[in-house]
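Enquirer: Pasting in a structure now, in structure tokens, and then I'll have a few things to ask.
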Amino acid sequence: MSFEIKSDDVLVVVDVQYDFLPGGSLAVADGDAIIPVVNALAKKFANVVLTQDWHPADHVSFASQHAGKAPFETVELDYGTQVLWPNHCVWGTRGAEISADLDIPHAQMIIRKGFNRAIDSYSGFQEADRTSLTGLASYLGERNLSRVFVVGLATDFCVAWTAIDSAAGGFETFVIEDATRAIDANGSLEKAWADLEEAGVTRITSAELIS
Ligand code: VGL
Ligand code: ZN
């Protein structure tokens with residue numbers, strides 16, 4: 001299939017931050033390989049939104065906050081099961097910065113998420129309590145943007161949850177697979193693709209997009 005990019009399409013670039021890139025505290029394998037692909041894609045989109053994982057140093061998703069717990073184990077919180085992570089994307093640190101190798105000067109909006117100490121937020125639309133909203137859906141609505149194309153890190157967490165919430169919000173939604181890389185902990189990648197399909201998200205490659 002090929003898809004023509006329209007003037008009211010938006011590219012959502014998820015969490016291309018140093019902590020998710022090689023050398024970072026929650027590095028996604030081969031994560032830097034997406035950067036040239038994302039840059040080339042972004043040139044074709046008039047509308048680009050970036051998301052930024054943005055945690056306080058004592059965030060509940062950090063294993064360091066739970067005695068006896070290690071990264072990639074889980075805990076039960078009020079809103080459900082939470083995977084625990086190494087400390088990452090602590091606001092004000094270099095690891096939280098968006099990579100300077102992204103070449104998207106025309107990006108129009110940066111959505112920060114995960115800033116409430118007690119609630120994680122993989123999705124760029126709403127936090128893990130499924131109640132607190134980031135404002136992204138309203139923003140897209142006010143800008144009259146319609147189709148949402150999601151890229152970035154990591155496929156099986158923030159990309160997947162963002163795309164699933166986008167589709168649930170009524171936006172026709174695509175994940176551009178070769179512009180993502182996964183953490184793939186405990187089968188999370190396979191589950192994410194199944195959840196994305198179930199949500200009605202279309203899985204495409206960058207080669208299928210023409211401007
Ligand atoms: C992410 C785990 C924790 C992501 C963020 O960007 O996929 N994953 N925080
Ligand atoms: Zn995080």
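Each reported figure results from applying straightforward, stated rules to the coordinates on display, with no laboratory input. Please read all numbers here as calculations on a predicted model, not as lab measurements. Virtual Cβ from ideal backbone geometry, glycine too; neighbours counted across all protein chains shown.
Enquirer: Under 27 Å from the Cα of K113, which lysines turn up, not counting those fewer than eight places away in the same chain?
Expert: Excluding near neighbours in sequence, the set is K43, K44, K69, K191.
Enquirer: Here is a follow-up. Residue separation times 0.36 nm, minus the C-alpha to C-alpha distance between E197 and R130: what's the value?
Expert: Stretched fully, the E197-R130 segment lengthens by 22.1 nm.
Enquirer: Suppose R0 equals 41 Å; then what is the FRET efficiency for H66 and Y139 from their Cβ-Cβ distance, rounded to the nearest 0.05?
Expert: Details: r = 34 Å, r/R0 = 0.82.
Efficiency at R0 = 41 Å is approximately 0.75.
Enquirer: Can you tell me the FRET efficiency between H106 and Y79 if r is taken as the Cβ-Cβ distance and R0 is 41 Å, rounded to the nearest 0.05?
Expert: Details: r = 36 Å, r/R0 = 0.87.
Between H106 and Y79 the formula returns 0.70.
Enquirer: Still on this model: In which sequence would M109, M1 go, from the one with the fewest C-beta neighbours within 10 Å to the one with the most? Intermediate results must be reported in sequence, preceding the final value.
Expert: Working: M109 16, M1 7.
Ordered from fewest to most neighbouring Cβ atoms within 10 Å, M109, M1 come out as M1, M109.
Enquirer: Now a separate question. So for the range 9-208, averaging the separation of alpha carbon pairs under 8 Å that are six or more residues apart and normalising by length, what relative contact order in percent results? Intermediate results must be reported in sequence, preceding the final value.
Expert: Numbers: 445 pairs, mean separation 48.6, N = 200.
Once normalised by length, the contact order is 24 percent.
Enquirer: Packing-wise, with mean Cβ within 10 Å as the measure, how do 64-77, 141-154 rank, highest first?
Expert: With the highest mean Cβ count within 10 Å placed first, the list reads 141-154, 64-77.
Enquirer: Moving on to the next point. Give me the net charge for the shell around I176: Cβ to Cβ below 10 angstrom, other residues only, Lys and Arg +1, Asp and Glu -1.
Expert: Result for the neighbourhood of I176: -2.
Enquirer: Quickly rank 172-180, 99-107, 53-61 as a protection proxy: mean count of other C-beta atoms within 10 Å, highest first.
Expert: Going from most to least packed, we get 172-180, 53-61, 99-107.
Enquirer: For a footprinting-style exposure proxy, rank I110, I204 by other Cβ within 10 Å, fewest first.
Expert: Details: I110 12, I204 18.
The most exposed by this proxy come first: I110, I204.
Enquirer: Here is a further query. Rg and Dmax of the range 1-118, Cα atoms, in Å?
Expert: 16.3, 51
Enquirer: Calculate log10 I(q)/I(0) of the chain for q = 0.09, 0.11, 0.12 Å⁻¹, where I(q) comes from the Debye formula with a single equal point scatterer on each Cα and nothing for solvent.
Expert: Debye intensities relative to I(0), on a log10 scale: -0.31, -0.47, -0.56.
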